[in-house]
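One structure is given below, encoded as structure tokens.
The values are calculated or read from the model by the stated rules, or taken from the named source; none is laboratory data. Keep in mind that this is a model prediction, so the values were computed, not measured. Glycine gets a Cβ as well: all are built from the backbone with ideal geometry, and neighbour counts include every protein chain shown. Note: accessible area is taken over every heavy atom of the protein model, side chains too, but ligands, DNA and RNA are not part of it. Shrake-Rupley method; radii C 1.70, N 1.55, O 1.52, S 1.80 Å.
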Amino acid sequence: MSDLMSKVRQWDNRAAQWMGRHFYIILFEIILGIIFLMVFINALKILNISFNVAKDDTTNQLILSQSVNTTLIVMLLLLISLGVLNIINNNSRLRSSLKNIEFNLSKRRNDSKPQDN
């Protein structure tokens with residue numbers, strides 16, 4: 001029974017570590033994905049409106065080009081923020097791997113030292 005409980009504690013600890021490392025990054029990815037979807041739908045609406053704008057209506061042409069340019073800038077910023085989020089996630093994983101390696105190496109060093117009695 002105690003072996004089962006130690007396994008349950010180990011799984012719980014690993015699940016808590018995984019959530020601690022990845023929860024906020026997944027949350028931010030979902031938020032950025034929702035924003036990207038909204039901007040993409042807006043871009044499709046702008047594209048649909050562009051077919052109805054008359055060629056000699058200068059004001060509407062300028063507003064349309066400004067809307068397209070703004071949509072492109074927002075999409076590029078979203079792409080950049082997803083890339084930065086990916087870099088942060090990779091750094092976090094690398095840091096935790098290095099901590100685990102350091103812990104295991106220091107544990108081996110302490111185990112190999114002769115005991116002074």
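Key figures for this structure:
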{"quantity": "Which of 26, 59, 71, positive extreme of dipole for the range 1-93 (C-beta unit charges)", "calculated": "26"}
{"quantity": "Residues of the range 20-63 with amide N under 11 Å of the 7 Å Cα→Cβ point at residue 69", "calculated": "62-63"}
{"quantity": "Inter-site label distance for residue 5 and residue 17 at 7 Å from Cα along Cβ, in nm", "calculated": "2.2"}
{"quantity": "Residue-normalised accessible area of the chain, expressed per residue, 1.4 Å probe, Å²", "calculated": "86"}
{"quantity": "Distance between the range 1-33 and the range 60-108 - C-alpha centres, whole angstrom", "calculated": "22"}
{"quantity": "Dipole magnitude (debye, nearest 20) for the chain, charges at Cβ of Lys, Arg, Asp, Glu", "calculated": "620"}
{"quantity": "Cα-based helix-to-principal-axis angle, 58-112 vs the chain, degrees rounded to 10", "calculated": "10"}
{"quantity": "Carbon/sulfur fraction of accessible area - the chain, other protein chains in place, 1.4 Å, %", "calculated": "64"}
{"quantity": "The chain - percent relative contact order, Cα under 8 Å, separation 6 or more", "calculated": "30"}
{"quantity": "Principal-axis tilt of helix 2-50 within the chain, Cα atoms, nearest 10 degrees", "calculated": "10"}
